[in-house]
Structures are given as structure tokens and as C-alpha cells.
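Just below is one structure, and these are the notes that go with it.
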Amino acid sequence: MSASVHTGDPGVAVRAASSTRALRNLYFARFGFAVTWAILLIATATSINAGSIALLVIYPLFDVAAAIIDFRSSGSSRPKAPLYINIALSLAAAIGLAAVVGSGIPDVLRVWGIWAITAGIVQLIVAVLRWRIGGQLAQVLSGGLSVFAGAGFLLVAAGPNAALTIAGGYAALGGVFFLISAIQLHRVIRKAGK
């Protein structure tokens, strides 16, 4: 796989390589954030409190920021419409979570579950559209698993043992998928540089 677009224009290849490096760095940052966030949520998630409320709202807002960075750094050869959708979904999730935190953990899990399903579908689409740059298999798997995890959030919310810690596990696993993609993109970049 090549990280560049072969058009005969060296400037296009340089821009493609630069946007691939930016995507790799973004994936590394998303890994670090997701794992740190998961640890903090699990440590504070015994109930809905100020710390868990802040963490619940920060996560989708970080996703918005990551999508904006991704949008700005993606080359013109990469599809941007799904990133607009991701930004809208994550903003809606942050607003929805802020609105329901006072209603209890089940409602938080319902909003989180709907977001996980819809964002997972978008992540899957973005990964398929970016397949040729490399490092996207983990993103395809992550998007698909996010859909199933979202359904799981909805089921847990309907049961007697609804707990916020499930969101921490979800974020940590998502972070691992970002790490795998970042490592794969790093290899693609190294190979293209030879």
C-alpha cells in the first residue's frame, strides 16, 4: 500500500504523505486520550457526580475536535462529508449527555448507545473510504464493534445493573484500535519513505 497518490506531481505525493502522517499522529493522540479517559471514568463512575459528568461530556467533545483536526489535515483526495456527519453526531451526543445526566445512569447509557451506533457506522464508512492509504482494518473493526457495543449499552440501560464503567471499557478498546491503526500507518509511511 502506498501513502501517496501517484499523479506525476511530486507536490501531490508530498501532501498525501503529510496528511497520512497527520492521521497517524491523530490516531496516537486518540489512543492516549481514550485510555486516560477510560481510567478516569472507571475511577469516578460509581455514581453520576461532577467528575463523571465532566468526563461524559468531554469524550464526545474530544471526538469533535479530533474530527475537525482530521478534516483540516486530510488531503483533497480524502472524503470529508462523513467527517461533517461525525462532528454533528458528536456534538449532539455531548448536548444529549449534558441534558440527561440528571436523569440517571440508564438514560446516559441510552444516549451513549445511540451515539456509539451512529458514530460506529460513520467510522466504518470513513475507514472503507480510506482503505487504500493503509492502517484502516482496525478502524473497520472498531466501527463495526461500536455498532454492536451501542446495542449493548441500550440493553444494559434497560437492565437492573446499569453502570457507567461499561463506557470506560468501550473507550479503552476503541483506543487500542486507534493505536493499531497508528502503528500500521507508521509502517506505511516508513515503507513509502524508502
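The values are calculated or read from the model by the stated rules, or taken from the named source; none is laboratory data. No experiment lies behind these values; they were computed from the predicted model shown. Because the Cβ atoms are built from the backbone with ideal geometry, glycine has one as well, and the counts that use them run over all protein chains shown. Quick note on the areas: whole protein, heavy atoms, side chains included, nothing else; ligands and nucleic acids left out. Shrake-Rupley method; radii C 1.70, N 1.55, O 1.52, S 1.80 Å.
For Val140, state whether it is of a type in the set (A, V, I, L, M), in contact with a Leu (Cβ under 8 Å, 6 or more places away or on another chain), over 25 Å from Ile68 (Cα atoms) and in a helix (DSSP H, G or I).
no
Would you check if Leu155 is out of contact with any Phe, Trp or Tyr (no Cβ under 6 Å at 6 or more places or on another chain), free of Cβ contacts under 8 Å to residues at least 12 places away in the same chain and under 23 Å from Ser52 (Cβ atoms)? First the steps, then the outcome.
Numbers: out of contact with any Phe, Trp or Tyr (no Cβ under 6 Å at 6 or more places or on another chain): yes; free of Cβ contacts under 8 Å to residues at least 12 places away in the same chain: yes; under 23 Å from Ser52 (Cβ atoms): yes.
So Leu155 fits the description; yes.
Kindly indicate whether Ala81 is open to solvent by 40 Å² or more (accessible area, probe 1.4 Å), of a type in the set (Gly, Ala, Ser), modelled with pLDDT of 95 or more and on the phi < 0 side of the Ramachandran plot.
no
Would you check which residues across the range 89-112 are at pLDDT below 95 and under 13 Å from Ala54 (Cα atoms) and list them?
Val101, Gly102
Go through (1) touching a Lys or Arg at 6+ places or on another chain (Cβ under 6 Å); (2) closer than 24 Å to Phe31 by Cβ for Leu137 and report which single condition fails.
Condition not satisfied by Leu137: (1).
Looking at the range 147-166 only, could you name the residues that are open to solvent by less than 10 Å² (accessible area, probe 1.4 Å) and at pLDDT below 95?
First, pick out the residues of the range 147-166 that are open to solvent by less than 10 Å² (accessible area, probe 1.4 Å): 150, 153, 157, 164.
If the condition is that a residue be open to solvent by less than 10 Å² (accessible area, probe 1.4 Å) and at pLDDT below 95, then Leu164 is the only one that fits.
Given the criteria in contact with a helix residue (DSSP H, G or I) (Cβ under 8 Å, 6 or more places away or on another chain) and either surrounded by fewer than 19 Cβ atoms within 10 Å (Cβ to Cβ) or closer than 26 Å to Ala22 by Cβ (or both), does Ser73 qualify?
On the way: in contact with a helix residue (DSSP H, G or I) (Cβ under 8 Å, 6 or more places away or on another chain): yes; either surrounded by fewer than 19 Cβ atoms within 10 Å (Cβ to Cβ) or closer than 26 Å to Ala22 by Cβ (or both): yes.
So Ser73 fits the description; yes.
Do you know which of the residues in the range 89-146 that are open to solvent by less than 50 Å² (accessible area, probe 1.4 Å) and either of a type in the set (Phe, Trp, Tyr) or in contact with a strand residue (DSSP E or B) (Cβ under 6 Å, 6 or more places away or on another chain) (or both) is nearest to Lys191 (Cα to Cα)?
Applying the filter and picking the extreme gives Trp115.
Inside the range 43-99, can you point out the residues that are touching a residue at least 60 places away in the same chain (Cβ under 8 Å) and assigned to a helix (DSSP H, G or I)?
Ser52, Leu56, Tyr59
Within the range 82-122, track down each residue that is within 14 Å of the chain's Cα centre (by Cα) and of a type in the set (Ser, Thr, Tyr).
Tyr84, Ser90, Thr118 - these are the residues of the range 82-122 that are within 14 Å of the chain's Cα centre (by Cα) and of a type in the set (Ser, Thr, Tyr).
Which of the residues that make up the range 170-194 are open to solvent by 40 Å² or more (accessible area, probe 1.4 Å) and within 21 Å of Val108 (Cα to Cα)? If you could, list the steps in order and put the result at the bottom.
Looking only at the range 170-194, we keep the residues that are open to solvent by 40 Å² or more (accessible area, probe 1.4 Å), and these are 170, 173, 176, 179-180, 183-184, 186-187, 190-194.
Listed by number, the residues that qualify are Tyr170, Leu173.
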